[in-house]
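A quick write-up on the structure given underneath.
The values are calculated or read from the model by the stated rules, or taken from the named source; none is laboratory data. Keep in mind it's a predicted model, so treat the numbers as computed, not measured. Using ideal geometry, Cβ is built from the backbone for each residue, glycine included, and neighbour counts are taken over all protein chains shown. The protein model used for the area step is the full one, side chains on, heavy atoms only, and it has no ligands, DNA or RNA in it. Shrake-Rupley method; radii C 1.70, N 1.55, O 1.52, S 1.80 Å.
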Amino acid sequence: MLEDAERDANRGDQEAGEANNSPAKESRPRGKRRALASEGLLQPVKVSKATLYKPPTSEELSQLKETENLFHSNLLRLQIEELLKEVTLKEKRRQKIDAFLHQINALLAKIPATTETDMTDQSWLPKGVKVPLVQVPFSVKGRFHFLPPVSVKVVGSYLLGTCIKPEVNVDVALTMPRAIFQDKDNLNQRYHRKRALYLAHVAHHLAKEPLFGSVMFAYANGNHLKPVVLLQPQGKDAKTVTVRLYACPPQGLFKPCRLYPGKNNVRTAWFTEKGAPTAGEAEPPTPHYNNSILWDLAMEAHLQFLSGSASDFPGMRDGVALLKVWLRQRELEKGFGCFNGFLASMLVAYLLSRHQINKVMSGYQVLRNVLQFLASTDLTTSGISLSKDGDGSLPTLTDFHRAFQVVFVDSSGLVNLCADMSASKYKQIQFEAKHSMEVLDDRTVDGFQLLLITRKSLIHAFDHWPINAEPPKHKDTGSLSFGLLLSPDFAASVLEKGPEADSPEAVEFRKFWGERSELRRFQDGSICEAVLWDATTQSQKRLIPEQIIRHLLQLHTDIPGSAICYTGALLESLIRLGREPAGTGEEAMVDVVRSYDDLSRKLWNLEGLPLTVTAVQGAHPALRYTDVFPPVPVIPDYAYYARNKDRESLVPLAEKPCPVYISPMKVLCHMEGSGQWPQDQEAIRRIKAAFQIQLAELLRRQYHLLCRPGPAYTDVYKDGYVFRLRVAYHREPQILKEVVTPEGMLKYQDTEESLRLELETLHLPFLTSTLHGLQQQHPAFGSTCRLAKRWVSAQMLNDSLSEECVDLLVASLFLCPAPYMAPSSPQVGFLHFLRLLATFDWKNSPLIVNLNAELKVFEENSERSSWVFQNAWWRASAISAQHHKMNMVFRPPLDLYDVLIHLNPKQIPRHLQAVDRPVKSFSRGMLASDAAVKTLAFPVVDYDPVQLYLRELQASIMRGRMMAPNTESLTVPNVAAILEDFEILGEGLVRAVETRSEKWSI
């Protein structure tokens, strides 16, 4: 028993013995050089000139060529080599596993036999163990008694050397004696029930042994007909290994022809408990049932086949290990119908047999070839087979395709290795393989990190259960959850165009869509079946998949809408403007951009300026679709304001609620260069101020716009919005960098003022125009940014993460989304944003956002290797990792603060933008957007008492005005005076100051 494992253990013992004996031979130092060597000092190696300059060998040339063509860089090759070292089992661990397997073998041989009883008489089973199989119907023919296994063999990846950490599983096949079986045990679950009873008896006796820390049942790959026993060691070695015991029939027990895909082995009369079968009625085939028996018969043959393929092929071992890591990171290797490591090994063996890979390939080449095969081969329509036998009596691939959705036949020609896999599961695997190949071929991304390190999580079902519990049923999994990978081009389409009305396909179309299908005439004159969904705003269009799911489930499965929970838009309310049907702001920002474009044209066409306008650029988040709450048109109600006649402006009234907040949108107006521009900083400012006044006058005179000029900017009231125009001169930042040295030399260096001006006049406009283009490519980008900013604000992280910083972080999720696809909904994009904050190595790695793909491969790699980005975002990462409940994500953690300042909602202009939206608020002095009122006075702009109060508090604390000095040398704060000043500074705005700490007692 365990012959192969025993040979490995003996070999390991022999090697260990040689290792222990070798120091004795060399224990005596031989001279000074040997003494230095024994102390572990490295000595210089002298190489002859001929050796130093000899030409590279063919192996070295092959390795260099492979590195250049496949790995793209030495770094990727080194990363893969280190990963393989990390996941490969160490010899010490293998020795522990071998010893554990020997002990299991000894215990299995001691399990006592039982007397023969009917299979329905299970009274012989002790109370502490349950049969790990759902026995429905319970009545079944046959007798059972336990006998020790005739052989116990290690099968699977452990002996092949493809078993990887951290979850080390060793499969052991127990061959049941032929004496416990009778004729026709292939019928009506007799074999499966004997198999389950056999394992139940084994588990009961092993559970009493102190060797094991746990003895559990589990379903093999989620198959309810195939229970296995899981064994783990006791104590600190519990996580060393999990041994899975499989019960298998002896060879030749069943005739293969009885288990072909088209045969029936579960009689309808028995299964439905209706007595005698209906005369003349054909029994339906049971291909999955038949395949489960054939699989058990072929376990040892599969091991022998893989051993032959892996001999003299180290690349297969490494390639399968890499494939297992790839599958595990995508959670494709677990559950019913999974693509596990065994399937990966068999696929590598298939490609080897078809000469699509060869035994000189490296593990990375094997990985690429397997992914390429999966990406380009559809096993749902074109199955493959390892069988080389021309036996015409064996089932054909066509026979397998009739019975199974995915076909991959083993070397015997009898077993479909993908029998349990659904077509949708294979499509998912195929999609992941295609996407992975794109990542591997892209030299601008870190393919190693994205494919083999980054994890793509899915929802787990139950894994195992105690031996004294009833086996889980399908209904025990709870609600059914499934995800949709939507195509951005069609997911938000309100119209589904079908076939022409008189075509044969129209009948199927109407049958599928039911009453939602209707005839419509299209612009090309055709009359076709079509389905029209109810959606006007962008947020409603994102919910079209929900409408489709609810309609189809109700129509075809009679599942009511009350039993369906669609989670694709849980966060929409956080960025919604007003109440339904206002939408989530996309339409509002389109109106803003339309008004801005019109203003740009007016500025270009102004007459009377001494210099022409060379460029008009926006620099406001709303113009790049990322403003959390975009501006809405405001028509002021004069009854809520006083009027400043000198400036033709409105002023808030103290007795009225704070007026609506109007955010001015920055617009840069670049003037042409000319020799008339002065070279002095102050003179440039004065010229720009003159331009501001002239812009206001010309806009008022030529376009009848309400303008309010100032020395630094001009506010323009247009279409209910306020645009803040700033005149820009392209050489001004350069002039601000001019510094005269003591020697009288002129040099250029960055100053705080020049950097600020460059940011305002160059970088922010460029960022706005670039992200505006990104929004056109990815409609979910803007709303994802808005949710991310909403979260950052809720966590009080505004001072650490600016708006522009968040926009760039989100942009990286769309420009380089691997291993995921670019988000097609704001909620998915926001979850990716949280994952980025929580998992990215901010301390040691730079996050490079390659806008417009302007950064080339060499430059990007240079940046990665020479620049270490160190930023203290650990708090953001910790918060994002903890907030996994949607309803808690946007609630600020108030328990971190010692003082809470409660504000008067009457003086909060953005009161309705709270996370917990109030039911009622105050009128804010604005009329309906369609009110026929001409605005003659400039509205109140950028007035938010809350932000003004916060700035005053920060400035006061920085100046030390609230610090009362003590007579001692140390200065201690007067907490009572500080809290009193909080209220004085916020008179009318602050309602109460709450202290939540006792640590100030002095």
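Each peptide among 616-626, 293-303 gets the average number of other Cβ atoms lying within 10 Å of its residues, and from highest to lowest they stand as 616-626, 293-303.
Could you work out what % of the accessible surface of the chain is carbon and sulfur, using a 1.4 angstrom probe and leaving DNA, RNA and ligands out of the count? List each step's numbers first, then the result.
Working: 28370 of 52960 Å².
Percent of accessible area from carbon and sulfur atoms in the chain: 54.
Averaged over residues, the count of other Cβ atoms within 10 Å places the peptides 395-405, 934-944, 804-814 in the sequence 804-814, 395-405, 934-944, highest first. So for the chain, taking the charge dipole from beta-carbon charges (+1 Lys/Arg, -1 Asp/Glu), which of 658, 702, 823 sits furthest toward the positive end? Ranked along the dipole, the leading option is 823.
Please compare each pair in 90/324; 165/388; 54/92; 153/239; 666/934 to a cut-off of 28 Å on the Cα-Cα distance and tell me which ones are over it. Write out the running numbers ahead of the final one.
Values: 90/324 18 Å; 165/388 35 Å; 54/92 40 Å; 153/239 22 Å; 666/934 24 Å.
Going by Cα-Cα distance, 165/388; 54/92 fall outside the 28 Å limit.
In loop segments of segment 669-751 as defined by DSSP, the trypsin sites (Lys or Arg not before Pro) with at most 12 further C-beta atoms inside 10 Å of their C-beta are 731.
Take the Cβ atoms of residue 519 and residue 388, set R0 to 60 Å, and the FRET efficiency comes out at 0.60. With R₀ fixed at 45 Å, the C-beta to C-beta distance from residue 441 to residue 590 puts the FRET efficiency at about 0.75. Panel values: the chain, Kirkwood radius from alpha carbon pairs, Stokes-Einstein at 25 °C and 0.890 mPa s, translational diffusion coefficient 69 µm²/s.
Which stretch or stretches of segment 140-154 have amide N atoms under 11 Å from the point lying 7 Å from residue 123's Cα along the Cα→Cβ direction? Counting backbone N atoms under 11 Å from the label point, the list is empty. Counting only alpha carbon atoms, the long axis of helix 544-557 and the longest principal axis of the chain meet at about 40°. With axes computed from alpha carbons, what is the tilt in degrees of helix 299-310 against the longest principal axis of the chain, rounded to the nearest 10 within 0 to 90? Value to nearest ten degrees: 70.
Given in Å, the Rg to one decimal and the Dmax to the nearest whole number for the Cα atoms of segment 273-316 are 19.7, 59.
Assuming 0.36 nm per residue, please report the length gained on full extension of the stretch residue 902 to residue 942 beyond their Cα-Cα distance.
Details: separation 40, 0.36 × 40 = 14.40 nm, distance 2.22 nm.
Working it through step by step, the gained length comes to 12.2 nm.
The gain in end-to-end length when the residue 929 to residue 103 segment is fully stretched comes to 289.1 nm, 0.36 nm per residue minus the alpha carbon separation. Sorted on the mean count of surrounding Cβ atoms within 10 Å across their residues, most packed first, peptides 775-783, 750-758, 171-179 read 775-783, 171-179, 750-758.
Our estimate of slack between residue 253 and residue 976, defined as 0.36 nm per intervening residue step minus the Cα-Cα distance, is 251.4 nm. In this label model, residue 845 and residue 611 are separated by 4.6 nm, measuring between points 7 Å along each Cα→Cβ vector. For the pair residue 680 and residue 952, label points projected 7 Å from Cα toward Cβ lie 3.8 nm apart. If R0 is taken as 35 Å, the Cβ-Cβ distance between residue 271 and residue 508 corresponds to a FRET efficiency of 0.65.
Projected label points at residue 601 and residue 358, each 7 Å from Cα along the beta carbon direction, are separated by 6.6 nanometres.
Solvent-accessible area per residue in segment 336-435 equals 38 Å², computed with a 1.4 angstrom probe and all protein chains kept.
For residue 618, the residues whose amide H sits under 5 Å from its own are 668, ignoring neighbours fewer than 5 places away on the same chain, with H placed 1.01 Å from N. Can you give me the angle between helix 681-703 and the longest principal axis of the chain, using Cα atoms only, in degrees from 0 to 90, rounded to the nearest 10? It is inclined by approximately 90 degrees. Between segment 495-527 and segment 115-134, how many Å separate their Cα centres? Segment 495-527 and segment 115-134 have Cα centres separated by 59 Å.
In whole percent, what relative contact order does the chain give with Cα contacts below 8 Å and a gap of six or more residues? Kindly include the intermediate steps, with their values, before the conclusion.
Numbers: 1401 pairs, mean separation 76.2, N = 1002.
Here the relative contact order equals 8 percent.
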